[in-house]
Structure formats: structure tokens, C-alpha cells
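Student: Structure in C-alpha cells, see below.
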Amino acid sequence: MSLSAKLKYKFMKDYGAPALMSLQGLKRRRSRPTPSAFGPPLESNARLKEILTRHYYLSRFVPGVKKVAWVTSGAPVELLRVFDFYTIYPENHSALVGAKKQGAEYCGIAEGDSFSQDLCSYARIDLGHMLSGKSPAGKLPKPDLLFCSNNICQTVLYWYKAISQELDIPLIHFDAPFVSDRQSEADIRYMAQQLQDMIPILEQVSGNVFYMSDLEAVLKRSQDSSRTWGNILKAMQAKPAPMTIFDAFGHLAPIVSLRGLPVAQDYYNILAEEIDDRVSKGIGAIRDEKYRLIWDNIAIWYKVRYLATFFAERKMNFVTATYTNAWAETIDHLNIKDPWNSMARTYGQIILNNNLKHRLGLMRRMIDDFSVDGMVMHSTRSCKPYSVGQYDLRKAISTSLNLPSVIIDADIADERVWSEQQIQTRLEAFCESLEDTNRG
Amino acid sequence: MYPFDAIVYLQRDDHYKRSDLEQRAQIDAMSINDTKDKVLKIPDRSDYLRDQRRSGQEIMGVLPALYPRELLWAFNILPAEIWDPPGEILLANVHLQASICPIVKRGLEFILKSPEIINSGYLFPHTCDSLQNLGTQVKDLIGVPVPVYTFYNPKGEFNKASKRYYSEILFNLQKTLEKSHGLLSQNQLKAACELGHKIDIRRQMLHAALMEDRFDLSNREYFQLIRAAEYMQGQDYLDLLNHVEINEQIGVAPRARLLVTGILPPGDDILNFLDESRVRIVSEDLLSGSRRIPIVEMDQPDDPMEYLVERFFLLPPCSTKAGGLDKRLQYLKKLIAKSRCHGVLFNTVKFCEPELFDQHFLIKSMKVMGLPVLNLETELQPGLSGQEKTRIEAFLEMLDEGVPV
Ligand code: SF4
Ligand code: SF4
């Protein structure tokens with residue numbers, strides 16, 4: 001670790017980043033006005049932006065100071081925190097590219113290098129970034145380690161293998177057997193063993209030593225943050241709901257990519273306080289919430305604002321989603337005193353690694369708990385584990401609960417897949433059927 | 001690192017201990033008969049399975065790709081693998097999006113027709129994200145009148161934890177099947193493993209003979225033979241394999257020699273076209289083919305469960321197991337060298353992420369090696385389109401000229 005790199009990082013952390021934040025604040029004052037269908041925006045938005053900008057900004061000064069790991073969203077990152085890795089989440093970065101409507105451009109770079117257009121767009125965007133060095137976040141540090149788990153999909157394993165090969169970087173893979181029925185003791189043992197076997201490699205790459213007490217502290221923070229995030233989502237049961245799921249898509253970022261760090265816990269404490277305050281004062285995310293909806297699947301990042309406005313103008317609010325819930329759902333399996341087995345239970349059972357009977361039960365409970373009137377499913381071309389089975393899930397839910405629903409075909413981050421006219425027609429038909437039910 | 005690093009065996013250059021294999025094959029062949037037909041009679045899949053069913057055989061529909069077939073045999077279950085049933089996809093379109101691979105769609109189409117031949121259930125081995133979800137979709141949402149079983153294959157670079165895990169889940173599958181099929185007889189399992197072992201050896205030998213131009217089967221016949229493993233009883237299949245003549249002499253040199261890699265072999269019309277063009281597929285790296293045969297000759301099964309565990313870890317590198325890319329490339333390089341192929345045909349199933357990711361690296365590496373590559377994407381529709389024909393012809397012309405593509 002070089003002293004000058006360390007000093008530079010410290011300077012940027014203490015002075016450079018705060019200066020940048022002030023500049024961001026000035027810029028923010030000139031941001032777009034909120035459409036009248038929405039309630040007052042969350043004040044925490046500003047803090048969220050600061051945290052994320054700072055995270056990406058500081059990452060530029062990290063090489064030579066800390067080891068950098070690129071991590072998948074479902075991987076047990078707590079283990080890396082113990083070794084003080086600076087973590088970058090390519091999925092998060094790809095979502096950012098998607099939200100900036102630059103997905104097609106980055107995908108095009110990967111496709112130009114003969115990656116197939118049929119691959120997940122998060123992967124293509126990341127490969128496009130890797131090949132071109134482009135990033136809306138300025139510049140991302142190269143990884144010293146790749147850390148992935150197939151508990152969200154097998155795709156990430158292929159994608160990380162491709163990076164590992166291209167950049168000649170070691171890859172640690174956490175193999176999480178899919179839960180077809182229920183987790184077996186063999187599944188738990190296998191995962192717990194893998195986690196323990198990672199320690200010597202992580203020690204070697206990071207140059208730091210493992211202490212169990214550090215892991216316990218990180219797990220505790222991680223659990224607290226996930227629980228607070230879960231409570232924030234639960235608060236959306238209130239009528240009117242204090243935020244929309246489109247807000248939650250953004251506020252999800254720290255629990256995904258800063259999980260286990262104090263900054264994430266601090267942030268969710270602030271957000272929880274604001275949400276509670278709005279609930280107590282009856283402040284809704286949209287001005288006149290009449291219908292409450294559930295969203296299934298990952299966000300359509302390049303159309304978040306369009307969709308939020310489309311529904312808000314029709315007095316419809318998304319109050320819950322299977323996607324945002326994913327980072328809170330299994331946290332109660334975590335037991336700090338039994339870290340290895342309980343991490344296996346927590347990370348092995350997340351929604352995308354669990355069977356569709358489980359998903360159906362979860363969605364039914366959410367529909368009930370959040371007083372949901374209608375369901376919108378995003379069938380995304382990119383994501384097989386999220387999308388295969390959606391047609392039958394819809395049928396099961398619509399028939400048993402007599403719930404209006406619609407499926408829209410699009411993609412998470414590749415805007416070329418969006419067909420505005422077709423989707424708008426579908427959504428309008430859905431809204432009409434919802435209004436006809438006299439729900440709301 | 002045995003058995004986790006099976007590729008080491010290839011690097012030591014003793015892939016297929018040929019003299020042993022040939023000796024064994026000669027003994028096997030002698031014990032069958034001396035009245036072999038010159039013409040290979042491969043039973044039709046549907047007819048064969050219908051006959052089996054009529055005779056009271058328990059038949060389980062098995063989705064692709066890696067599963068412990070010997071364990072099913074030991075329970076007296078005949079696995080009928082479901083890769084690419086023919087016919088139009090109609091019913092499955094109600095349940096699956098357009099961007100799902102045709103193997104998954106055809107599999108579901110088959111299941112939705114409630115075929116009478118399947119009376120013992122369906123087995124979904126864990127192969128990829130799409131099949132993983134299809135398994136739970138069929139079991140938990142669609143529903144079928146027979147049991148649905150699943151089996152997780154460990155992924156990534158294997159280590160001691162993977163080996164122990166695999167042995168535990170094999171045992172779990174045994175326990176699950178015992179609930180419906182009675183206690184497993186260890187003798188029967190041993191006999192099943194011995195049969196499987198003989199088949200593996202014969203298959204290794206045939207692949208070696210293929211690489212050396214030492215039998216007379218056409219491309220189409222070769223793959224019909226290989227794919228008969230998907231539905232035939234073990235002993236019937238072994239008999240069939242033993243009927244294939246392996247020539248002492250090397251055959252006539254073809255116009256071009258190809259290695260084919262992917263999930264399934266090219267369709268019959270493409271194979272016929274290659275036959276007509278005097279192009280020979282001299283080696284294959286297919287999930288439905290040699291990726292399911294151990295990379296080396298294994299010892300006789302002593303402890304059958306241990307044998308099955310070792311067998312899994314001795315299978316060649318495969319995209320669906322998601323091991324290291326370099327290992328897969330090294331393995332393919334060995335096949336390329338041994339088969340002296342002139343070019344590589346990637347037969348790609350549309351929307352198959354496991355293969356599409358690996359392919360990017362493999363194709364690039366082969367081009368660097370100066371090896372011509374043709375990538376054909378298939379939706380498993382029958383026939384040979386004009387465009388496919390033109391591309392194959394152009395590729396062959398380049399091979400004729402020895403120009404790297
Ligand atoms: S979108 Fe789906 S396929 Fe792509 S990385 Fe995420 S979970 Fe995997
Ligand atoms: S072809 Fe590929 S995507 Fe389709 S079932 Fe096979 S491995 Fe899965």
C-alpha cells in the first residue's frame with residue numbers, strides 16, 4: 001500500500017468528496033420540477049445522492065489503498081467487509097447506465113465485440129464498460145477480486161467468468177443450490193463450508209487477517225440495515241403510502257451495495273425517520289392515492305420516471321414489489337452466533353433462488369398486507385430466473401384473488417427493447433379494468 | 001487434485017487409453033456374436049418407448065442434461081430424455097416468453113401433452129436458469145399427474161466441498177426415490193454402474209475411432225447412434241454400440257474435418273448436407289454427447305455410490321457446469337489436435353446463455369489459433385434454410401482454400 005495513495009485517498013475522503021457534494025447541492029437546486037400528481041418529494045433523496053456520488057467518486061482513489069472487489073448483488077458481502085475490500089456492484093452500475101438511457105450504447109459496445117444480444121443487459125452493459133472504460137460515474141477502479149454468487153442467477157457466474165478471463169483477476173464463487181422444495185442439511189453444510197474455505201483466499205488477496213469478532217460486527221450492522229429497510233417497506237402499508245416503489249428502487253442502492261457498512265445503517269435510520277413522519281402526518285407519495293399496486297420483477301430503469309408519472313396521474317401508486325423486498329426478506333435467518341450456517345440460510349433462500357410456490361405465497365401475502373388492488377408484472381428479456389414462470393404466477397394470482405393484472409414485455413436496462421405504443425395500450429387497458437372493478 | 005482437476009489427465013496426453021479400450025471392446029464384441037449386421041438398426045425413439053411402456057416398464061421423463069442415470073436404472077426406471085421433441089410449439093407459448101430457448105419450450109410442450117409413456121415422473125436436473133425455473137413452474141404452478149423431481153448439479157470450480165455435497169445429494173435422491181419405488185438394492189446399483197461403465201468405455205472408444213476415421217457411419221448415423229442413449233435401456237444400448245464396426249484401417253480422407261460443439265448436434269438436414277458435401281464431423285463436444293462421458297477410463301465400480309460421485313467430477317468441462325473458461329479451451333484444443341479437424345462448428349441453441357457466454361471466449365481464441373469457425377444458431381426447427389446452406393457452403397469453400405475465417 002503506497003503512502004501517497006493513502007494520503008490522497010484520505011484527503012479526498014475528508015475534503016474532496018465533501019466539496020463535490022456541495023457542488024452537487026448547487027446543481028440539485030436547478031433540477032426538474034415534480035409533476036403535480038406527486039406529493040412532496042422525500043428529503044432523504046438528497047442524502048442518498050450524496051452517499052452514492054461519494055462512493056463512486058472515492059472509488060477512483062482507492063487503488064493502492066484498499067483492494068477492490070466487484071461483487072454481485074446477492075453475494076454474502078459481509079465476508080469481504082471483514083477484509084476491508086472496497087466493493088463495486090456492476091449490477092448497480094449497469095442500472096445507473098440504464099437509468100441514464102445509455103444502456104443501448106454500452107450494450108452495443110459489448111455486441112460489437114461479438115457478445116450476443118441475447119445475454120442479460122446488465123452483463124452486456126458491464127462488459128461494454130469493461131471494453132471501453134466508459135462510465136457515467138466517471139471511472140470505476142479495476143477489481144483485484146471478483147466475488148459472485150449464483151443465488152440470483154447462473155448468468156452472473158458466466159459474466160464474472162468472462163471478466164475474470166479478460167482481466168486475469170481471481171474469481172471467488174459462492175455456489176448456492178436452488179431451493180426446489182426446501183433447503184436440505186446438505187445444502188446448508190455445502191454453503192457454510194464454501195464460506196469458510198474462502199477465508200485463506202481473502203486473507204491472501206487483501207493482506208488482512210480474519211477475526212471472527214469483526215465478522216460478527218459486520219453481520220450485526222448488515223442485519224440492522226436490512227431490518228430497517230424492511231420496516232421502511234412495511235411502512236408503505238399505510239394509506240396513503242409515504243413513498244412509491246419507484247422511490248424505493250432508488251433507495252434500495254445502499255442496502256445492495258453498501259450493506260454491512262455504517263453509512264448504510266445511518267442512511268436507513270434517516271430515511272425511516274422521514275417515512276414515519278410522513279405516515280404520522282398522512283403525507284402520501286402521490287397527491288390522491290386511490291389504487292394501490294404491486295410490481296413484480298426488476299425496474300425498467302430507463303422508464304422509471306415515465307411509469308411513475310403515468311400511474312400517479314391515474315391516482316395509482318405502487319406500494320410494494322417483490323424486487324425491493326429481496327434484501328429484507330430472509331434477514332431473520334441470520335444468527336450472529338452461528339454465522340456460517342445462518343448465512344447459508346439467509347443467502348440461499350432469497351427470492352430468485354427459491355421456488356415459484358414460495359414466490360406465489362409471498363406475493364399473495366404482500367397483496368393482502370399492502371391492500372393491493374392490481375398487479376403489474378414486468379417480464380424482462382434479460383432475466384430468466386425472474387421471468388420464467390411469471391405467466392403462470394399471474395394466472396394463479398389473478399384467478400384466486402380476482403386481481404386485475406397486466407404483463408409488460410420490456411428490459412431492465414436495454415432501452416431498445418421498449419415498445420412505447422404497445423406498452424401504453426396495455427397499461428391503459430389495465431387501468432381501465434382496474435377502475436371498472438370499483439376497487440380503490 | 002484428482003478427481004477435481006480431470007483436465008490434468010488430458011494434459012498428460014493419455015486421453016482414452018486406446019490399447020486397453022480396444023482390447024476390452026474386442027472381448028465384448030466377441031461375446032456378442034459374429035453375425036453382426038453391417039447396417040446399424042437404431043430403434044425409433046417413440047416406437048421404442050411405446051414398446052417399453054407396453055411391457056410395463058417404468059419410464060421417467062428427464063430434462064437435460066446431467067443426472068445419475070445408473071441410479072434410475074437401479075430402481076428399474078428407464079430415463080427418457082426430453083431434449084427436442086418434434087412438432088410445433090403451441091401449448092408452451094401460453095406459459096413461456098418468446099425469448100426462452102427452444103429446448104425449454106419443446107420440453108414443456110411435450111409435458112403439457114401429458115404423454116402416456118411417462119408414468120414414473122419427471123426429473124429436472126439443474127442445468128441453467130431457464131430449466132431451473134421450468135422445473136418449479138411445472139411442479140408448483142402448472143401441475144402434472146406424475147411426480148416431479150429435481151436434482152442440483154454443483155456449479156463452478158469444484159473442490160472438496162462440491163464432492164461431499166454431490167455425494168450427499170445423490171443419497172438424498174436415492175432416499176426420495178425409495179419412497180415411491182421401494183428400497184434400493186445395492187446389488188442392482190452395482191450392476192447398473194457396471195453396465196454404465198461398459199457403455200462409457202465403448203463410447204470413449206467410438207469417439208476415439210471417430211477422430212481417427214476408423215468407422216463407416218455417416219454423420220447422421222453417428223449422431224443417431226449417440227442420441228439413442230437418450231431413450232434406450234442400458235443393455236440394449238450397449239448391444240447397439242457393440243454392433244458398430246471399428247475398422248483396422250483408416251478410412252478415405254474426407255473433404256474437410258469438423259469438430260462440432262454446443263448443446264445438440266446439428267439437425268438431420270444439416271448432417272445430410274455435410275454428408276453429401278463429403279465433410280466429416282470427426283469430433284464432438286456436445287452436452288447431449290461426449291460431455292456426458294468421463295474424460296478418462298474409470299476403474300471398475302467397486303463402491304457404486306463412490307463411483308457415481310467420481311464419474312460426475314470426471315465429466316469434461318461444460319458450460320452448464322460453469323467451470324473455468326481456460327480449462328474448457330484446453331480441453332477443446334486437445335480434441336482439435338487429436339481429431340486433426342480443419343474447422344469448428346458451433347451449433348448454438350438460440351437464447352442459450354451458458355453457451356453464448358463461453359462461446360465468445362472460445363471463438364475468439366480459436367480465431368487467434370487460426371482455426372476457421374462457423375457459428376450456426378438454431379431454434380431446432382427441421383430443415384436446412386437457404387441462408388444456412390449458403391453459409392455452410394461458404395465456410396467449406398474457405399476450408400478448401402485453407403483460409404482462416
Ligand atoms: S437481471 Fe437477472 S440475469 Fe441479469 S444479473 Fe440480474 S438476476 Fe442475473
Ligand atoms: S439450451 Fe441452454 S438455455 Fe436451453 S435448456 Fe439447454 S442449457 Fe438451458
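The values are calculated or read from the model by the stated rules, or taken from the named source; none is laboratory data. Since the model is a prediction, treat every value here as computed from it, not as a measurement. In this analysis, Cβ positions are derived from the backbone assuming ideal geometry, glycine residues included, and neighbour counts consider all displayed protein chains. Remember, those area values only see protein heavy atoms, side chains included, never the ligands or the DNA or RNA. Shrake-Rupley method; radii C 1.70, N 1.55, O 1.52, S 1.80 Å.
Student: Probe radius 1.4 Å, ligands and nucleic acids left out: which of A:M363, A:M212, B:M305 has the largest accessible area, and how do the rest follow?
Tutor: Listed by decreasing accessible area, they come as A:M212, B:M305, A:M363.
Student: Could you pull out every one of the lysines with an alpha carbon less than 16 Å from that of A:K384, ignoring same-chain neighbours closer than 8 positions?
Tutor: B:K105, B:K350
Student: Keeping all protein chains in the complex and leaving out DNA, RNA and ligands, what accessible area do you get for A:C153 with a 1.4 Å probe, in Å² to the nearest 10?
Tutor: Number for this one is 20 Å².
Student: Now a separate question. Note the angle between two axes, namely the Cα long axis of helix A:339-348 and the longest principal axis of the Cα atoms of chain A, as a number of degrees from 0 to 90, rounded to the nearest 10.
Tutor: It is inclined by approximately 40 degrees.
Student: Among B:D239, B:D51, B:D213, whose mean-square fluctuation peaks in a Gaussian network model of chain B (Cα, cutoff 10 Å)?
Tutor: Result: B:D51 has the largest fluctuation of those listed.
Student: Separate question: Each label point is 7 Å from the Cα along the Cα-to-Cβ direction; what then is the distance between the points at A:D14 and A:N231, in nm?
Tutor: Modelled inter-label distance: 3.4 nm.
Student: Could I ask something else about it? Just to be sure I understand: with springs between alpha-carbon atoms less than 10 Å apart, which residue in B:H243, B:H342, B:H360 has the highest mean-square fluctuation in the Gaussian network model of chain B?
Tutor: Result: B:H360 has the largest fluctuation of those listed.
Student: Still on this structure: Pairs of Cα atoms under 8 Å, at least six residues apart: use those to get the relative contact order of region A:3-439, whole percent.
Tutor: After rounding, I find 19 percent.
Student: What helices in chain B pass both tests, a Cα length along the helix axis of 24 Å or more and a mean Kyte hydropathy of -1.0 or higher, using whole DSSP H runs?
Tutor: B:186-211
Student: Assuming 1.002 mPa s and 20 °C, estimate D for region A:3-439 with Stokes-Einstein, Rh taken as the Kirkwood radius over Cα pairs, in µm²/s.
Tutor: Here the translational diffusion coefficient equals 96 µm²/s.
Student: Summing -39500 (n - 2.57) over the DSSP H runs of n ≥ 4 in chain A and dividing by its residue number, what mean residue ellipticity at 222 nm do you reach, to the nearest 500 deg cm²/dmol?
Tutor: Working: 20 runs with 234 residues, N = 440.
-16500 deg cm²/dmol, from helical runs alone.
Student: Hey, what angle do you get for helix A:212-234 against the long axis of chain A, alpha-carbon based, 0 to 90 degrees rounded to 10?
Tutor: Once rounded, one gets 10 degrees.
Student: Further question on the same structure: Send over a whole-number figure in Å² for the accessible area per residue of the protein assembly as shown, probe 1.4 Å.
Tutor: Per-residue value: 39 Å².
Student: A further question on this structure: Report, in debye and to the nearest 20, how large the dipole of the protein assembly as shown comes out about its Cα centre when Lys and Arg carry +1 and Asp and Glu carry -1 on their Cβ.
Tutor: Here the protein assembly as shown has a charge dipole of around 2840 debye.
Student: Can I ask one more? Accessible surface of B:E297 in the full protein assembly, 1.4 angstrom probe, to the nearest 10 Å²?
Tutor: Approximately 30 Å² of B:E297 is accessible to the 1.4 Å probe.
Student: How much length, in nm to one decimal, is gained on full extension between A:K6 and A:D436, taken as 0.36 nm per residue of separation minus their Cα-Cα distance?
Tutor: 148.5 nm
Student: Whenever you get a sec, line up A:W70, B:W73 from highest to lowest accessible area (probe 1.4 Å, protein heavy atoms).
Tutor: On the way: A:W70 10, B:W73 40 Å².
Ranked list, largest accessible area first: B:W73, A:W70.
Student: Between B:V368 and B:T390, what is the label-point separation in nm under the 7 Å Cα-to-beta-carbon projection?
Tutor: It works out to 3.3 nm between the two label points.
Student: Here is a follow-up. With springs only between Cα atoms under 10 Å, which of B:P316, B:P382, B:P294 fluctuates most in a Gaussian network model of chain B?
Tutor: Its mean-square fluctuation being the largest, the pick is B:P382.
Student: Based on the Cβ-Cβ distance of A:M212 and A:N341, what FRET efficiency does E = 1/(1 + (r/R0)^6) give at R0 = 22 Å, to the nearest 0.05? Please report the intermediate quantities before stating the final value.
Tutor: Numbers: r = 14 Å, r/R0 = 0.65.
Efficiency computed from Cβ-Cβ geometry: 0.95.
Student: To test your reading of the geometry: what angle, between 0 and 90 degrees and rounded to tens, separates the Cα axis of helix A:420-436 from the longest principal axis of chain A?
Tutor: Once rounded, the angle reads 50 degrees.
Student: Rounded, prolate or oblate: which fits chain B when a ≥ b ≥ c are the square roots of the eigenvalues of the alpha-carbon gyration tensor, with rounded for a/c under 1.5 and prolate only if a/b beats b/c?
Tutor: Rounded, since a/c falls under 1.5.
Student: To the nearest 20 Debye, how big is the dipole of chain A about its Cα centre, given +1 on the beta carbon of each Lys and Arg and -1 on that of each Asp and Glu?
Tutor: In debye, rounded to 20, chain A gives about 1160.
Student: Between B:K175 and B:D47, what is the FRET efficiency for a Förster distance of 45 Å, r being their Cβ-Cβ separation, to the nearest 0.05?
Tutor: The pair B:K175/B:D47 has a calculated efficiency of 0.85.
Student: Continuing with this model, one more query. Per Stokes-Einstein, at 4 °C and 1.567 mPa s, what whole-number D in µm² s⁻¹ belongs to the protein assembly as shown, with the Kirkwood radius over Cα pairs as the hydrodynamic radius?
Tutor: For the chosen part, D equals 45 µm²/s.
Student: Considering only protein heavy atoms, what is the solvent-accessible area of B:M211 at a probe of 1.4 Å, reported in Å² to the nearest 10?
Tutor: The value for B:M211 is about 10 Å².
Student: On a 1.4 Å probe surface of the protein chains, which of A:T322, A:T228 comes out largest in accessible area, and what is the full order?
Tutor: Largest accessible area first, the list is A:T228, A:T322.
Student: Which is farthest toward the positive dipole end of the protein assembly as shown among A:P41, A:N297, B:V260, measuring Cα position about the Cα centre, with Cβ charges +1 (Lys, Arg) and -1 (Asp, Glu)?
Tutor: The residue sitting farthest along the positive end of the dipole is A:P41.
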